[in-house]
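The values are calculated or read from the model by the stated rules, or taken from the named source; none is laboratory data. Being a predicted model, the structure only gives us computed values, none of them experimental. With ideal geometry, Cβ positions are generated from the backbone for all residues, glycine too; neighbour counts draw on all protein chains shown.
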Amino acid sequence: MTEYKTNYKNWANWYDLVYEIIKPKDLILYKSLINDQTKDVLEMGIGTGRIFKSFFQNKINWTGIDDSEEMINLCKEKIEPLQPLKGKLKLINEDMTKLDIRIDNKSIHNSKFDLVIYPSNSLMSVGDINQQKNALCSGLKHLKDNGILMFDLHNPNNYEIKDKFQLMGSAKINNLNHEIFGRSEVDFINKLHTNFQKIIINSDEVIELKSYDNFLYIEDVISICDELNIEILDMFGGYNKEKISDNSEEIIFISKKK
Ligand SMILES: C[S@@+](CC[C@H](N)C(=O)[O-])C[C@H]1O[C@@H](n2cnc3c(N)ncnc32)[C@H](O)[C@@H]1O
């Protein structure tokens, strides 16, 4: 079967630019999940280290996983100027669906974390529902007994087919005009949302990108959580902990081991 997985090798050079033009609103949620008691955080799909950059002053042992060497390398480059960090950052170039971090080389025990997060809908980019289950199993395996596991998903109710490119955002950066246009295809049978993006710089240079969301409905997540013995503590419709509604922007799950 064809695997629909975003190629982050193509995205690496443009990822931060896209997020500078279309600013994510999720940091507020991570600030509410991370407190003085949080010692160890595991970020599945750390990308270029966008979230970590907000917490490098905290005394946290932060472990970032990413299967894209290009994204991990960019993360290293971005973190270098922030040294010395108050906490520690460990980057692991690995597939989150197969993760097995040991306390040390000789140990049979996995390292355990207070908080395991899959930011920016990372769970939707690992592949189909089986891959998503594997990615959640990896998280559970590395979660302390009283730890929190958090993931966010786009609300599929908001997906629509957009045949024509529409302006998604624009910004002037380094004196250059940047515009992002997007169009999308939705396959409701295979639960696949395909995004086509065009970044246009100074009405001249055009960068074309593509990404896939393997989407899930709330019912799918509830049945996965039952199967994996995950207890859902809270569900939010947005990063300010808004109530879930049919048209919430996001579906955010805060959960723990049963
Ligand atoms: C949407 S980005 C999120 C990056 C970062 N967490 C943020 O919030 O800005 C998703 C990241 O997950 C990574 N990723 C996708 N599938 C993965 C997998 N199976 N294992 C590890 N990383 C994966 C991608 O390479 C990418 O860097």
- Message: Filter segment 109-130 down to the residues that are part of a strand (DSSP E or B) and acidic (Asp, Glu) and list them by number.
- Response: ASP114
- Select from segment 73-109 the residues that are polar (S, T, N, Q) and at pLDDT 95 or above and list them in ascending order. ASN73, ASN93, THR97
- Message: For the condition within 20 Å of PRO24 (Cα to Cα), β-branched (Val, Ile, Thr) and over 17 Å from the mean Cα position of the chain (by Cα), what is the one hit in ILE79, ILE60?
- Response: ILE79
- Query: From VAL126, VAL116, which residue is in the same structural domain as CYS225 (by TED's automatic domain parsing) and within 8 Å of the ligand (Cβ to nearest atom)?
  - Reply: VAL126
- If you go through ASP204, ASP220, the only one that is modelled with pLDDT under 95 and either closer than 24 Å to TYR118 by Cα or not assigned by TED's automatic domain parsing to the domain that holds LYS23 (or both) is ASP204
- Query: Within segment 131-166, can you find the residues that are polar (S, T, N, Q) and away from the ligand (no atom under 12 Å from the Cβ)?
  - Reply: ASN146, ASN155, ASN157, ASN158, GLN166
- Note on the structure: Among strands (runs of 3 or more DSSP E) entirely inside segment 169-247, those with 1 or more residues being under 30 Å from LYS257 (Cβ atoms) and without any contact (Cβ under 8 Å) to a residue 12 or more places away in the chain are none
- Examine segment 79-98 for a residue that is within 12 Å of the ligand (Cβ to nearest atom), aliphatic (A, V, I, L, M) and closer than 18 Å to ILE230 by Cα, and state whether such a residue exists. yes
- Search segment 8-65 for residues being free of Cβ contacts under 8 Å to residues at least 24 places away in the same chain and basic (Lys, Arg), and hand back the single one that is farthest from VAL116 (Cα to Cα). LYS23
- Item | Selection count, segment 5-51, where residues are near the ligand (Cβ under 8 Å from one of its atoms) and surrounded by fewer than 14 Cβ atoms within 10 Å (Cβ to Cβ) | 1
